[in-house]
Amino acid sequence: AQSVSQHNHHVILSEAASLELGCNYSYGGTVNLFWYVQYPGQHLQLLLKYFSGDPLVKGIKGFEAEFIKSKFSFNLRKPSVQWSDTAEYFCAVNDITGANNLFFGTGTRLTVIP
Amino acid sequence: DTEVTQTPKHLVMGMTNKKSLKCEQHMGHRAMYWYKQKAKKPPELMFVYSYEKLSINESVPSRFSPECPNSSLLNLHLHALQPEDSALYLCASSSPGVAGGRETQYFGPGTRLLVL
């Protein structure tokens, strides 16, 4: 079975600081990679996804993520965070062979201080 | 449109009640999912329907009974639940069979369930 690790459980930043959230997965095959965001009291929303091609993917709201295959990583970045980015961020992985099973990391809570 | 709708938004039920959660999508997706999410935890997969057939049941207790009446609807029937079943129940959908296994799951807002 796959596992997804998000080592940062809670990150606190001031507005305009740069953000990087780590995500590592364990699976030797070809994977699809996702970052979802859950704002307080709201549902999971897709931030960005990687299927193939350029390993640097851009998502909504100025977020981007880089897939580094050799490191089994898919870290999320944003150059300058805003108070409205305060949310829970989940990395998720599924393998392309199907079974429709999306494996989530434990999540990282981001608090941005105005 | 990437909308998945769920009703009700909130539900309070006793341990002897029978209730149902409903999920609907009109994106033409042929895979639908139920997840359970406890506070400050990631979603945990419960069931997957693919082309209206149950394809994954993650060892969920029988007090949870899924149903997929058609390709747009997914229900979760609840009976004799326990207080520890209180959680946010999320529905998601995706489009299986896309070339290369490129499926993206889109989530609904969830039903917040409290079992007394």
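Points worth noting:
- Among the candidates B:GLN105, B:GLN37, the residue that is within 30 Å of A:SER5 (Cα to Cα), open to solvent by less than 10 Å² (accessible area, probe 1.4 Å), at pLDDT below 95 and within 13 Å of chain A (Cβ to nearest Cβ) is uniquely B:GLN105.
- Within the range B:13-34, the set of residues being closer than 15 Å to B:LEU76 by Cα, within 15 Å of the chain's Cα centre (by Cα) and open to solvent by 20 Å² or more (accessible area, probe 1.4 Å) comprises B:LYS19, B:SER20, B:LYS22, B:GLU24.
- Residues being open to solvent by 10 Å² or more (accessible area, probe 1.4 Å), out of contact with any Gly (no Cβ under 7 Å at 6 or more places or on another chain) and within 30 Å of A:THR111 (Cα to Cα) are entirely absent from the range B:49-64.
- Residues in the range B:67-86 that are assigned to a strand (DSSP E or B) and more than 14 Å from every other protein chain (Cβ to nearest Cβ): B:GLU67, B:PRO69, B:ASN70, B:LEU73, B:ASN75, B:LEU76, B:HIS77, B:LEU78, B:HIS79.
- Beta carbons closer than 7 Å, at least 6 apart along the sequence or on distinct chains, pair a first residue in the range B:19-35 that is farther than 13 Å from B:GLN105 by Cα with a second that is open to solvent by 50 Å² or more (accessible area, probe 1.4 Å) for B:SER20/B:HIS77; B:LYS22/B:THR7; B:GLU24/B:THR5.
- The set of residues in the range A:53-107 that are out of contact with any strand residue (DSSP E or B) (no Cβ under 6 Å at 6 or more places or on another chain), more than 11 Å from every other protein chain (Cβ to nearest Cβ) and polar (S, T, N, Q) comprises A:SER70, A:SER80, A:GLN82, A:SER84.
The values are calculated or read from the model by the stated rules, or taken from the named source; none is laboratory data. This is a predicted model, so every value here is computed, not measured. Cβ: placed from backbone, ideal geometry, glycine included. Neighbour counts: every protein chain shown. SASA here: full protein model, heavy atoms, side chains in, ligands and nucleic acids out. Shrake-Rupley method; radii C 1.70, N 1.55, O 1.52, S 1.80 Å.
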